[in-house]
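Okay, so here's the structure we're looking at.
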Amino acid sequence: MKTEDNLNKASITPSIKTQYRNFPMVPRVIFGSGCFSQLGDVLLPMRKSSEAPFIFLVDDFFENEAFVSRVPLMFNDEIIFISADEEPKTAQVDALVNRIRENYSELPSGIIGIGGGTLLDLAKAVAILLNNKGLAEEYQGWDLVNKPALYHVGIPTISGTGAEVSRTTVLLGPEKKLGINSDYTTYDQVLLDPDFTKTVPKEQWFYTGMDCFIHCVESLTGTYLNAFSQSYGEKAMELCEEVFLEDIPAEESRDKLMMASWHGGMSIAYSQVGIAHAMSYGLSYLLGVKHGIGNCLVFQHLEEFYPEGVALFKKMLKKHNIQLPTGICAGLTQNDFDVMINVSFGLEALWENALGSDWKRIMTPERLQAMFQKI
Ligand code: ZN
């Protein structure tokens, strides 16, 4: 996901010496089946004192004794289970930050996010807000964070969003759906344990995996493409095709999709996503459609912009026997369409990446509305 990561190209002014982005990356990562058991060893040296807990923000899908017994809790550490049924919100971040501040005399040693894109984004935002004054909504945008976040660790339990590598945390605020894009957003440590993805329901596996696939298509066909993005995007695309179009053993498939997510995230980090993401943000803002399925709902209708990608996508849908819901935009009012169009067009970099600098002449509000009406 994690779209508006970077305005790479937009920051380049031809008449002035080219300015390239100085891009933060995750400095430490562990990959491998069962590596979650190493988490205690990773956290121990980062513990500030016995009064400064680690706070684990965990998808409530894992709210069971078997999971809790595996979390390396010490002293006053706490697990907070959170539902990922809805996209993460700025008010939710503020409430978590207040709760943690009120419950502990010291700032935590760190925040550990365990879950899909929603939990990974919430954990990043909470780590930032615990060390920066004010409300989460004040930091939605580019490079508005002044002080480093608390130490934060990301542990994805589903593959595809790329939230584990991105320098943004996409939040639904009172006025917009937009990321907190900053050099401090990126995780300090990521732990990639493919075993977590064993229990993902099939449709969710597909939709979230397609988020990665669409990252690749939008990055590789975009005008912002460069060798950095391309090298990651091509690898991620190759892995997606193996996972979704070939019959490979389940364990290999889990490993490969986890790496596809990582590489897809790296690819868009140094380029940008495109039309499916811009429209999916509109759907999500107005109707609360979740990111992965929202991308799929839009992408199926984008043949004219991404012919090869959409053909592959339809093959994948068929192979896995996935039926996308229909009639999502039936019964919407003109005002509803205007809201979605405004949210979508607000993400200018995505359109510029997809259609070039004169995108406004190619994509008019009327044309965009007709595209939404197909969904
Ligand atoms: Zn995405």
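The values are calculated or read from the model by the stated rules, or taken from the named source; none is laboratory data. Note that the structure is predicted; figures quoted are calculated from it, not measured. Backbone-built Cβ (ideal geometry, glycine too); neighbour counts: all protein chains shown.
Below are the figures for this structure:
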{"item": "Close pairs (6 angstrom Cβ cut-off, 6 or more residues apart or separate chains): more than 16 Å from ALA278 (Cα to Cα) in the stretch 202-214, of a type in the set (A, V, I, L, M) and more than 9 Å from the ligand (Cβ to nearest atom) anywhere", "result": "PHE206/ILE322; TYR207/ILE293; THR208/ILE158; GLY209/LEU257"}
{"item": "Checking GLY288 against (1) at pLDDT 95 or above; (2) at positive phi, the condition it does not meet", "result": "(1)"}
{"item": "Lone qualifier among LEU107, LEU57, LEU44 - being loosely packed, with under 15 Cβ neighbours inside 10 Å and aliphatic (A, V, I, L, M)", "result": "LEU44"}
{"item": "Pairs where the first residue, in the stretch 257-281, is within 23 Å of HIS301 (Cα to Cα) and touching a residue at least 24 places away in the same chain (Cβ under 8 Å) and the second is within 12 Å of the ligand (Cβ to nearest atom) and among the acidic types (Asp, Glu), C-beta under 7 Å, 6+ apart", "result": "ILE268/ASP5; VAL273/GLU218; GLY274/GLU218; ALA276/GLU218; HIS277/GLU218"}
{"item": "Residues of the stretch 275-296 satisfying the condition of being in contact with a Ser or Thr (Cβ under 7 Å, 6 or more places away or on another chain), near the ligand (Cβ under 10 Å from one of its atoms) and under 21 Å from LEU355 (Cβ atoms)", "result": "HIS277, TYR281, GLY294, ASN295"}
{"item": "Hits in the stretch 240-270 (condition: small (Gly, Ala, Ser) and either within 11 Å of the ligand (Cβ to nearest atom) or at pLDDT below 95 (or both))", "result": "SER261, GLY264, GLY265, ALA269"}
{"item": "Restricting the stretch 116-153 to residues that are small (Gly, Ala, Ser) and away from the ligand (no atom under 16 Å from the Cβ), the residue that is farthest from TYR187 (Cα to Cα)", "result": "GLY134"}
{"item": "Looking only at the stretch 76-98, and only at residues there that are over 18 Å from GLY116 (Cα atoms) and out of contact with any helix residue (DSSP H, G or I) (no Cβ under 6 Å at 6 or more places or on another chain), the one that is surrounded by the fewest Cβ atoms within 10 Å (Cβ to Cβ)", "result": "ASN98"}
{"item": "Any hit, the stretch 327-336, residues being among the charged types (D, E, K, R), under 19 Å from LEU368 (Cβ atoms) and either part of a helix (DSSP H, G or I) or within 12 Å of the ligand (Cβ to nearest atom) (or both)", "result": "yes"}
{"item": "Hits in the stretch 135-193 (condition: β-branched (Val, Ile, Thr), assigned to a loop (DSSP other than H, G, I, E, B) and surrounded by 22 or more Cβ atoms within 10 Å (Cβ to Cβ))", "result": "THR157, ILE158, THR161, VAL165, THR168, THR169, THR185, THR186"}
{"item": "Among the residues listed as ALA278, ALA250, the single one being of a type in the set (A, V, I, L, M, F, W, C) and surrounded by fewer than 24 Cβ atoms within 10 Å (Cβ to Cβ)", "result": "ALA250"}
